[in-house]
Amino acid sequence: MKGTRRNNGSISLKLTDYEHTLFGNLNLSYSRRNSRLGTSLRLVDDFIIYSYVPREQKSENYTSELWINKGIDALNGKLQLRGLYSKNKSEIEQNGKLRQYDSDSWMAEARLSVVFSKYLSSIYTPSYIQNGLSASGEKNTFRKISQVLDLNIRPMKHTVLKLSTSWLMQSQNGEAFQHNILSNAELSYTYNKWKFYAMVNNLFDRRSYINTSYGALSSSDLKYCLRPRSVMIGGSFQF
């Protein structure tokens, strides 16, 4: 890799406002790479072979991240906002032909924590994720939207009921292909050093979950087999 040149730059801003319980960070970075060796990809039967060839190759990468945390006195809680964006430009020689490709990634998430009373508190988290890959005029985009709601209910002293529900929607190239709803419940009772609990997992009895991930030049579909609906009752003693 002799002769590789790299240029990097970054800037970071921090906000702190104790009076209004407001905190935040902003990070921006840029990097550029120029190498005498280029990446080559060849398809031989069912094999994909990567190698380096003597050729100038340039690549650029942009990354930004934003994080904000704001206390909300009226709700006795706080709001957290987080966003990420990255973009990469590069090129590859595929079967003797030079191809340009771009990949980008987005992530936006909010987290609202609220304490309604000593009997009820909740956390609500919506999020959005997008991954895209463009090469030779063709683009493939994967999107995922999710919402998670956690409730902590204390109906009586030493007793806690935890409810958790997640809704996920995934689409590829603008076409929705999967919706999932996952939910769990747990009831616990604590007495001195004893804790007794009952849990129900996967209330809606989902059997599988599919996720798509992207690399620099490829994508892969992963399928997870979920444990069927289950009930567990137990206890513990701390000493």
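Per residue, how large is the accessible surface of region 1-150? Use a 1.4 angstrom probe and give square angstrom.
Result: 66 Å² per residue.
I want to verify a result. In a Gaussian network model of the chain, Cα cutoff 10 Å, which of these has the top mean-square fluctuation: Thr16, Thr63, Thr165?
It is Thr16.
Work through the residues other than Ser121 whose Cβ is under 14 Å from its Cβ and net out their charges, Lys, Arg +1 and Asp, Glu -1.
That works out to +4.
If you place +1 on the Cβ of every Lys and Arg, -1 on the Cβ of every Asp and Glu, and leave all else neutral, what size is the dipole of region 67-127 about its Cα centre, to the nearest 20 Debye?
On the way: 9 positive and 6 negative charges, 39 e Å.
In debye, rounded to 20, region 67-127 gives about 180.
Set the bar at 25 Å for Cα to Cα. Now go through Lys89/Lys139; Lys97/Lys223; Lys97/Lys139; Lys87/Lys223; Lys87/Lys144 and name every pair that lies beyond it. Show your work: numbers first, answer last.
Working: Lys89/Lys139 14 Å; Lys97/Lys223 34 Å; Lys97/Lys139 19 Å; Lys87/Lys223 27 Å; Lys87/Lys144 18 Å.
Correct reply: Lys97/Lys223; Lys87/Lys223.
On the accessible surface of region 93-239, probed at 1.4 Å, how many percent belong to carbon and sulfur atoms? All intermediate terms of the calculation are to be shown ahead of the outcome.
Working: 5420 of 9420 Å².
Carbon with sulfur: 58 percent of the solvent-accessible area.
Excluding residues on the same chain fewer than 8 positions from Lys162, give the aspartates and glutamates whose Cα lies under 17 Å from its Cα.
Correct list for Lys162: Asp150, Glu186.
Carbon-plus-sulfur fraction of the accessible area of region 1-48, 1.4 Å probe, in percent?
53
Calculate the FRET efficiency for Glu186 and Leu79 from the Cβ-Cβ distance with a Förster distance of 25 Å, rounded to the nearest 0.05. Mind showing how you got there, number by number?
Values: r = 26 Å, r/R0 = 1.04.
About 0.45, to the nearest 0.05.
Between Asp17, Asp150, Asp104, find the one with the highest GNM mean-square fluctuation for the chain; connect C-alpha pairs within less than 10 Å.
Greatest mean-square fluctuation among the candidates belongs to Asp17.
The values are calculated or read from the model by the stated rules, or taken from the named source; none is laboratory data. None of these values were measured; they are calculated from a predicted model. Cβ atoms come from the backbone with ideal geometry, glycine included; neighbour counts cover every protein chain shown. For accessibility, only protein heavy atoms count, side chains too; no ligands or nucleic acids. Shrake-Rupley method; radii C 1.70, N 1.55, O 1.52, S 1.80 Å.
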